[in-house]
Every structure is written in structure tokens, then in C-alpha cells.
Amino acid sequence: WKLSPWAVATYLLGGTLPDGTAISPKYIGQRRLIEIAIATLATDRGLLLIGVPGTAKSWVSEHLAAAIAGDSTMLIQGTAGTSEEAIRYGWNYARLLADGPSDAALVASPLLRAMREGKIARIEELTRIPADVQDTLITVMSEKTLPVPELNSEVQAVRGFNIIATANDRDRGVNELSSALKRRFNTVVLPLPDTLEEEVTIVQGRVAALSRALELPAELPALDEIRRIVTVFRELRAGVTADGKTKLKSPSGTLSTA
């Protein structure tokens, strides 16, 4: 690991180092969940982050990979059209036709590159990938090996390799994970913020960070507007107003203040 488990937790959750350096939090939420996620990766188990949109699944997976492996770019974006080649490997067909199957003709996927370099592969929206393609991961996770039958060989993962996957269990287009694949992941459910104040703090922090990044002109803090938007979203998600007096019709899609 690039950082120790303790340092990874401090990097994500924020804190003050012994020399007085202040670390800004990347994730605002339950410390216990992040500790479980770090312990999962430290014990060489795959990590599955589940939650509705807006619970910072991708954000947490990106920062975990960056802190642990120093690289969060080994990414596979899951969609209904994700093929087995996108997870395993593909071929440079010009070289394949000219020279036949060879290492030079093989095009490594982000997962295969992570195995060779001992880094963390990230799979976004695992449940959007068709079930038969998902199961390609079973051998990789259980044996840390990826067979390449065309070359009569296999790729053994370098120590440090692991997988962080995210999944949304609410939206349409969700494919159930097989029980064999579920067993190979430790699952951490990231909840929505507990209170209005907590969610306002998160949105306010992101607005300030984006304003600095985009070099927007300084304005008065839009705290009232942020609080209004967050309140509307929380009421629609809950199906009732904040005072509990009026029922609301929740939308069919899941809502995220992100």
C-alpha cells in the first residue's frame, strides 16, 4: 500500500496529523463504514459499495484506490452493453490477422493491467452489466488469476491487486448478482446523510470546491438556497414534508442532490 490503513482512513475522513497538518475530509459520514471498507481491502477481499445515487459510492471508491494504490484510473464503466472483452481483454485484430494470437496482439483491459501492476481495479455500476458477463469476475476474485486460453497461458495477479465495485440497487436496468459473485465481495452499504444539516454541509463544501476550481467570482454564501434545495430533495425522497404534515408523491426515479 502507498499509505497505511490508518493514513487511508485519515485521508478519507479528515483529521489532524501529529505535526499539526489538517487533512480535509473527502467523505462525510459514518467512520465505521470507511473502516470496514479499508479492512476489507487490507485482508485481500473484494469490496462492493452499494447505495442509491448520491451516496458517494464512486467518490469513495476513487479516493480509496488513489490512497491505497496511488492510481484510481483502472476503471471499467458498467453498462448494459459492457462485454466480456471489456472486463478480460481484447485483441488488436490487425496484429492478430498478421501474426496470430500473441502477447503483442492482446489488448489489456483495466482489470488485466491492475492485475499485472498490483493495483486496484474499479468497476462502476456492476449491477448494470449483464449477469453472464459479471460472472467473468469469479475466477479472478477467487484465484487472483485470469486465464488466456488463446495463448495457453494465464495472468497471475501481482500482490496488491484488488477490486472495488459500486452498485445501485434501486434504478431500472439492474441485474442481480449471482450468489457465487456476491460471496466473493464484502458489501458495504453507504446510506443517505442522516440529517438535513449533514447533507447541507456536504453540498455546501462541494459548491465551494467547484467555485474555486472554476474560478467563479466571489458571491455571498448561498446557504439559504442550498438548504432549500436539500430540503426539497429530502422531502421528495421521503414522500412527506419535513414537518410530517403533508404527504408527497415520490418520483419513480431515485433523486440525488449531486
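Here are some notes:
- Scoring E85 on the criteria (1) without any contact (Cβ under 8 Å) to a residue 40 or more places away in the chain; (2) crowded, with 16+ Cβ neighbours inside 10 Å leaves a single failure, condition (2).
- Leading residue by the ranking (nearest to D194 (Cα to Cα)) among those in the range 37-51 that are of a type in the set (V, I, T) and open to solvent by less than 20 Å² (accessible area, probe 1.4 Å): I38
- Screening the range 103-159 for residues that are among the small types (G, A, S) and open to solvent by less than 20 Å² (accessible area, probe 1.4 Å) and picking the one that is farthest from the chain's Cα centre (by Cα) gives A105.
- All conditions in (1) assigned by the TED database to the domain that holds S72; (2) in contact with a Leu (Cβ under 9 Å, 6 or more places away or on another chain); (3) without any contact (Cβ under 8 Å) to a residue 60 or more places away in the chain hold for N152, with the sole exception of (2).
- One residue stands out in the range 63-72 among those that are surrounded by 14 or more Cβ atoms within 10 Å (Cβ to Cβ) and of a type outside the set (D, E, K, R): the one that is farthest from R116 (Cα to Cα), namely H63.
- The test for being loosely packed, with under 14 Cβ neighbours inside 10 Å, more than 13 Å from the chain's Cα centre (by Cα) and without any contact (Cβ under 8 Å) to a residue 24 or more places away in the chain holds for D19.
- Residue in the range 1-10 that is of a type in the set (S, T, N, Q), out of contact with any Cys (no Cβ under 8 Å at 6 or more places or on another chain) and open to solvent by less than 50 Å² (accessible area, probe 1.4 Å) present: yes
- Unique residue being in contact with a Ser or Thr (Cβ under 9 Å, 6 or more places away or on another chain) and at negative phi when the list is V148, V155: V155
The values are calculated or read from the model by the stated rules, or taken from the named source; none is laboratory data. Since we're looking at a predicted model, the values are computed, not measured. Positions of Cβ are generated from backbone atoms using ideal geometry, with glycine treated the same way; all protein chains shown enter the neighbour counts. Surface areas here come from the heavy atoms of the whole protein model, side chains and all, with no ligands, DNA or RNA. Shrake-Rupley method; radii C 1.70, N 1.55, O 1.52, S 1.80 Å.
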